[in-house]
1. Just name the residue that is nearest to residue 145 (Cα to Cα) out of those in segment 226-246 that are touching a Lys or Arg at 6+ places or on another chain (Cβ under 9 Å) and not in a loop (DSSP other than H, G, I, E, B).
2. Tally up the residues in segment 78-95 that are aliphatic (A, V, I, L, M) and free of Cβ contacts under 8 Å to residues at least 60 places away in the same chain, please.
3. Mind counting the residues in segment 177-191 that are among the hydroxyl-bearing types (Ser, Thr, Tyr) and either touching a Cys at 6+ places or on another chain (Cβ under 8 Å) or surrounded by fewer than 24 Cβ atoms within 10 Å (Cβ to Cβ) (or both)?
4. Quickly run through segment 91-129 and pick out the residues that are more than 20 Å from the chain's Cα centre (by Cα) and closer than 18 Å to residue 172 by Cα.
5. Take segment 122-155 and flag every residue that is assigned to a strand (DSSP E or B), in contact with a helix residue (DSSP H, G or I) (Cβ under 6 Å, 6 or more places away or on another chain) and at pLDDT 95 or above.
6. Of the numbered conditions (1) assigned to a loop (DSSP other than H, G, I, E, B); (2) crowded, with 21+ Cβ neighbours inside 10 Å; (3) at pLDDT below 95, residue 21 satisfies every one except a single condition; which is it?
7. Select, from 69, 97, 145, 102, the only residue that is of a type in the set (Ser, Thr, Tyr) and in contact with a Pro (Cβ under 9 Å, 6 or more places away or on another chain).
8. Would you mind telling me which numbered condition in (1) within 23 Å of residue 109 (Cα to Cα); (2) in a loop (DSSP other than H, G, I, E, B) residue 178 fails?
Amino acid sequence: MDELFDLTGKVALITGGSRGLGLQMVRAFAERGADVIIASRKLDACEVAADEVRALGRRAMAFSANASSWSEMDRLAEAAYAEFGRVDILVNNAGMSPAMPSHEMTEAWFDKIVGLNFKGPFRLAAQVAKRMADGDGGVIINISSSGALVPLPGVIAYSGAKAALNAMTVSLAREYGPKVRVNSISAGPFLTDISKAWTEEARQRSNNSLGRPGRPEEIVTTALYLASPASSFTTGAIVRCDGGQS
């Protein structure tokens, strides 16, 4: 057990937890003692991840929910507290970043992108933060993007939604502190499922200081730092994990 990152007895709720960065965090938290609630739209994929957690001797719950839906985020929060009695760590990880020219963006696509990257995370964070503040406290981690800090063409709705998520992080930290700490991870390009649509050049090289995209497991230490007491004096922060994006 990592002395700094001991999550024994904690309950973690991770949206988008069945694959990519979310699955890496599910595994890392469970390996360090946490019980985990894994949410995504595909229940079967959540069950596979939950079986991994149970194999480590931890409790797990798989839950199917659309993370862009206000009502489904309410339902997820209710189910988590009904099953475990509390949530100590919330990770708003579900997101999407389709690239398209702005003049081709439809209202339906705009609403879907903003809903998944901002509206749903806002609702779930607000519901969980209030319960945390009324109880023993807790930690919320919002997975943002370097696109919010270095906006690029073709992803304006996504960049805007992630910028709103960063602003939400700071506001929630002030609103529900000192018992609730809220931080964002500003993630750069990672070789998750989305990278399958990239060119081979983009999978090998990136316009950052390290010159490459990140491996999914490289999100783990940043997430563990923010989830654990090791970051007890860190809140309202936007922590970059992007290889030095510029």
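The values are calculated or read from the model by the stated rules, or taken from the named source; none is laboratory data. The structure presented is a predicted model; accordingly, all values stated were derived computationally and were not measured. Here the Cβ is made from the backbone with ideal geometry for all residues, glycine too, and neighbour counts use every protein chain on show.
1. Only one residue fits best here, namely 226.
2. Within segment 78-95, the first condition is being aliphatic (A, V, I, L, M), and the residues that meet it are 79-80, 82, 87, 89-91, 94.
Next, only the ones that are free of Cβ contacts under 8 Å to residues at least 60 places away in the same chain stay: 79, 82.
Residues in segment 78-95 being aliphatic (A, V, I, L, M) and free of Cβ contacts under 8 Å to residues at least 60 places away in the same chain: 2 in total.
3. Just the residues of segment 177-191 that are among the hydroxyl-bearing types (Ser, Thr, Tyr), to begin with: 184, 186.
If we keep only those that are either touching a Cys at 6+ places or on another chain (Cβ under 8 Å) or surrounded by fewer than 24 Cβ atoms within 10 Å (Cβ to Cβ) (or both) too, we end up with 186.
The number of residues fulfilling the criteria is 1.
4. To start, the set of residues in segment 91-129 that are more than 20 Å from the chain's Cα centre (by Cα) comprises 99-110.
Answer for segment 91-129, where residues must be more than 20 Å from the chain's Cα centre (by Cα) and closer than 18 Å to residue 172 by Cα: there is none.
5. Step one: filter segment 122-155 for residues assigned to a strand (DSSP E or B), giving 138-145.
Next, only the ones that are in contact with a helix residue (DSSP H, G or I) (Cβ under 6 Å, 6 or more places away or on another chain) stay: 138-142, 144-145.
Of everything in segment 122-155, those that are assigned to a strand (DSSP E or B), in contact with a helix residue (DSSP H, G or I) (Cβ under 6 Å, 6 or more places away or on another chain) and at pLDDT 95 or above turn out to be 138, 139, 140, 141, 142, 144.
6. Answer for residue 21: the failing condition is (1).
7. Working: 69 fails: in contact with a Pro (Cβ under 9 Å, 6 or more places away or on another chain); 97 fails: in contact with a Pro (Cβ under 9 Å, 6 or more places away or on another chain); 145 fails: in contact with a Pro (Cβ under 9 Å, 6 or more places away or on another chain).
The unique qualifying residue is 102.
8. (1)
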